[in-house]
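Chemist: Have a look at this one.
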Amino acid sequence: MSRIGKKPIDLPQGVTVTVTADNVVVVKGPKGELKQEVNPDIKISIDGAVLTVERPTEQKRHKALHGLYRSLISNMVTGVSQGYKKDLELVGVGFKAAVSDNVLELNLGYSHSIYLAVPSEIKAGAEMLKGKNPTISLEGIDKELIGQVAAKIKSLRKTEPYKGKGIKFVGEITRRKAGKTASK
């Protein structure tokens, strides 16, 4: 049996989960509301403050869906109760970031500025402190959406292995390479 799928999900106080007739799970909490469509084969049962996800058979497909939907629902519950936050760091001389009206303006060493529209569900912030690298913070309730936006921002200037310049997550370690050595 799926080790992830069989773990029950504890619902914090203030979080309500409802399953509609057309297999859509709606999770409401203090920070907002999220919806996820679930495969009709997967059964979701709510007993008080505990939610369990069950599968009908031991088929490989059902096993995969079992763990998947349990993880998605767990992420939704965490999102509406606590929220998610990702921080990105811009490493490089002259790299800058600014946010105005959910539009992120990035100067990443190119000849032009890059403007990126951040979805309205995500709150973006940029911080530039003297002596430290600029940071971008993304906050919201949808883990998947925050991950997609962070990956998009990161893809604008990938971290290169020689000097370590580029966009990376705060705390991420970049594997460095040695450059060319001078010949005799």
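Chemist: If you take the C-alpha gyration tensor of the stretch 35-184, multiply each eigenvalue by 5 and take the square root, what semi-axes do you get, largest first, in whole Å?
Modeler: Semi-axis lengths for the stretch 35-184 are 39, 21, 13 Å.
Chemist: How many Å² of accessible area per residue for the chain, probe 1.4 Å?
Modeler: 64 Å²
Chemist: Ignoring the sites themselves, what is the longest stretch of the chain with no chymotrypsin sites (Phe, Trp or Tyr not before Pro) in a DSSP loop and at most 14 other beta-carbon atoms within 10 Å?
Modeler: That gives 1-109 as the longest site-free run.
Chemist: Something else: Dipole magnitude of the chain about its Cα centre, charges +1 at Lys/Arg Cβ and -1 at Asp/Glu Cβ only, in debye to the nearest 20?
Modeler: With only Lys, Arg, Asp and Glu charged at Cβ, the dipole is about 1360 debye.
Chemist: Output the 0 to 90 degree angle, nearest 10, between the alpha-carbon long axis of helix 60-81 and the longest principal axis computed from the alpha carbons of the chain.
Modeler: 70 degrees
Chemist: Cut-off 10 angstrom, C-alpha nodes, Gaussian network model of the chain. Which of A150, A117, A97 fluctuates the most?
Modeler: A117
Chemist: Measure off, as a whole percent, the carbon and sulfur share of the 1.4 Å-probe accessible area of the chain, all protein chains present.
Modeler: Answer for the chain is 50 percent, counting heavy atoms of protein chains only.
Chemist: Helix 143-155 versus the longest principal axis of the chain: what is the Cα-based angle in degrees, 0 to 90, to the nearest 10?
Modeler: 20 degrees
Chemist: Further, regarding this structure: E89 accessible area, nearest 10 Å², 1.4 Å probe?
Modeler: 40 Å²
Chemist: How big is the equivalent ellipsoid of the stretch 29-88 along its three axes, where each semi-axis is √(5λ) from the Cα gyration tensor, reported in whole Å from largest to smallest?
Modeler: 25, 15, 9
Chemist: Would you calculate, for the chain, the mean residue ellipticity at 222 nm contributed by helices, counting each DSSP H stretch of 4 or more residues as -39,500 (n - 2.57) and dividing by all residues, to the nearest 500?
Modeler: The helix-only estimate for the chain comes to -6500 deg cm²/dmol at 222 nm.
Chemist: State the three equivalent ellipsoid semi-axes of the stretch 113-184, derived from the C-alpha gyration tensor as the square roots of 5 times its eigenvalues, in descending order and whole Å.
Modeler: Calculated on Cα positions only, the semi-axes equal 30, 14, 11 Å.
Chemist: Any idea how many Lys pairs in the stretch 107-173 come in under 24 angstrom at the alpha carbon, given 8 or more places apart or on separate chains?
Modeler: Pairs that pass both the separation and distance tests number 28.
The values are calculated or read from the model by the stated rules, or taken from the named source; none is laboratory data. Just so it is clear, the structure is predicted and the values come from calculations on it, not from any experiment. Cβ: placed from backbone, ideal geometry, glycine included. Neighbour counts: every protein chain shown. Please note that ligands, DNA and RNA were not included when accessible areas were found on the heavy atoms of the full protein model with its side chains. Shrake-Rupley method; radii C 1.70, N 1.55, O 1.52, S 1.80 Å.
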